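Let me begin by presenting the structure, written as structure tokens, before commenting on it.
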Amino acid sequence: MPERHAAGARPLALTPLALTMGDPAGIGLEIALKAWAQRTARGLPPFVMFADPDALAQRARLLGLDAAIETVACVQTGASLFHKALPVVRVRLAATAKVGLASAVNGPATIASIEQATEAVIKGEARALVTNPIAKSVLYEAGFGHPGHTEFLAVLAARRDPARHILPVMLLASAELKVVPLTIHIPLRAVPGTLSKALIFETVRILWQALNRDFGIRQPRIAVTGLNPHAGENGAMGSEERDVIGPAIAELQAEGLAITGPHPADTLFHANARKTYDAVVAMYHDQALIPIKTLAFDRGVNVTLGLPFVRTSPDHGTAFDIAPKGVANPESLIEALLMAASMAAQREQAAHCAGQFRAP
């Protein structure tokens, strides 16, 4: 018998993913259409898109794609339609998007797409959330009050469970590498003052749980970089490793976690080094993103850990510059869809084994 949600109402195999629109002037609509066109060849899980169906149809015509698009009122019907049409929950644009031209006029629709798709996942109508790229500067003009996607999703999750502490953790993942930046969208000069043992503790524990529960790695091995060249060279090139990073690692090791470091970042990402760990915690944005974008530029997936639901996203931006050309590669979105389904299945299995599912 198929597994079911805790409510016992719906087989998980018939529960689609929820895919957001992203910025309608960027490549989000294009890669969604291209991904749907490869649904059979790539064995994609069913997904329902929260977007303007007219904008999707227009983009399909511009791309010369023969894509059937069907508006649905109910997310749950999407799985049964997916083989013949791209199911879409209507989110109306305020104006026709000019492909490749950033504009705040459709910012509210972009935000609404994220809110509605997230709500569908929280309610159990969708299995996991996959988000298309947004342009934060455009959304700021529209009144968006959050640093980015990740922080907004944490706020949406907290609305449902205000008592729950949520620390969103960004994981960049591919077949070659999984890496977490400890600090993300802050100036480089602010990184040393932001580092703390508490931040390292919480980030590593969230990562360990995700590797175990969502990726099926029973005994995760985590490597931690240093902040400074040569991991501080015993204090000669900086004290953060000696005063903060090293002591945090020692305490986590005492808890029984398989964690090593601080390692010099310049020797941690080559092929032989990657065989020694399952994931890396890096100290800042570029220290994490440069290696994974070098190894898997078109295949990397952005995963948000620490949320009460699964969320993945392509590891690239809106690409306004190539949006009018119709040459966007859908591979990262395809990988994000596949990873979201795999993570959801792992999480559902873990909950099932823990006795959180009722018998059908």
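The values are calculated or read from the model by the stated rules, or taken from the named source; none is laboratory data. Everything numeric in this text was worked out from a predicted model, so none of it was measured. As a convention, Cβ positions derive from the backbone with ideal geometry for all residues, glycine included, and neighbour counts pool all protein chains shown. Remember, those area values only see protein heavy atoms, side chains included, never the ligands or the DNA or RNA. Shrake-Rupley method; radii C 1.70, N 1.55, O 1.52, S 1.80 Å.
Here are a few things to note about the model shown:
- Counted by Cβ distance under 11 Å from residue 107, the other residues give a net charge of -1, where Lys and Arg count +1 and Asp and Glu count -1.
- Environment charge of residue 95, counting only residues whose C-beta is closer than 13 Å and scoring Lys/Arg +1, Asp/Glu -1: 0
- Under 5 Å between amide hydrogens, built in the peptide plane, is the criterion, and for residue 91 it picks out 51, 52 among residues at least 5 positions away or on other chains.
- For the pair region 267-288 and region 68-85, the centres of their Cα atoms are 41 angstrom apart.
- Per residue accessible area in Å² of region 155-201, where ligands, DNA and RNA are left out and the probe is 1.4 Å: 50 Å²
- Per-q log10 I(q)/I(0), region 233-320, q = 0.14, 0.18, 0.24 Å⁻¹ (Debye; single scatterer per alpha-carbon; no solvent): -0.68, -1.03, -1.33
- Relative contact order of the chain, pairs being alpha-carbon contacts under 8 Å that are 6 or more residues apart, as %: 23 percent
- Using only the C-alpha atoms, the convex hull of the chain corresponds to 144 Å³ per residue.
- Restricting region 267-322 to trypsin sites (Lys or Arg not before Pro) in coil, as DSSP defines it, with at most 11 other Cβ within 10 Å: 275
- Excluding same-chain neighbours fewer than eight residues apart, the lysines reachable from residue 84 by a Cα-Cα span under 18 Å are 34.
- Seen from a random direction on average, the alpha-carbon convex hull of region 282-355 projects onto 6.5 square nanometres.
- Rounded tilt (10° steps) of 197-213 against the dominant C-alpha axis of the chain: 50 degrees
- Counting protein heavy atoms only, the chain has 53 percent of its accessible area on carbon and sulfur, 1.4 angstrom probe.
- Positive-end ranking of 158, 198, 82 along the dipole of the chain, with charges on Cβ about the Cα centre, is headed by 82.
- Compared with the direct C-alpha span, the chain from residue 242 to residue 62 gains 59.1 nm at full extension, assuming 0.36 nm per residue.
- Rounded accessible area per residue of region 59-119, 1.4 Å, Å²: 49 Å²
- Annotation: per residue accessible area for region 269-360 equals 42 Å², rounded to a whole number [probe 1.4 Å, protein chains only].
- Here the Karplus curve 6.51 cos²θ - 1.76 cosθ + 1.60, taken at θ = phi - 60°, turns the phi angles of region 228-238 into couplings of 9, x, 6, 6, x, 6, 6, x, 6, 10, x Hz, with x standing for Gly and Pro.
- Counted over the chain, the DSSP beta bridges are approximately 35% antiparallel.
- Estimated at the nearest 10 Å², the accessible area of residue 23 is 10 Å² with a 1.4 Å probe.
- Shape of region 30-173, Cα gyration tensor, a/c cut at 1.5: oblate
- Residue by residue, region 39-47 carries 3J(HN,Hα) couplings of 4, 7, 4, 9, x, 6, x, x, 9 Hz when phi is fed to the Karplus relation 6.51 cos²θ - 1.76 cosθ + 1.60 (θ = phi - 60°); x denotes Gly or Pro.
- Spatial separation of Cα centroids for region 23-65 and region 209-240, in angstrom: 38 Å
- With contacts taken as Cα pairs under 8 Å at a separation of at least 6 residues, region 217-360 carries a relative contact order of 20 percent.
- Taking all protein chains as shown and a probe of 1.4 angstrom, residue 39 keeps an accessible surface of around 50 Å².
- In plain terms, the C-alpha convex hull of region 167-223 casts an average shadow of 4.5 nm² when viewed from every direction.
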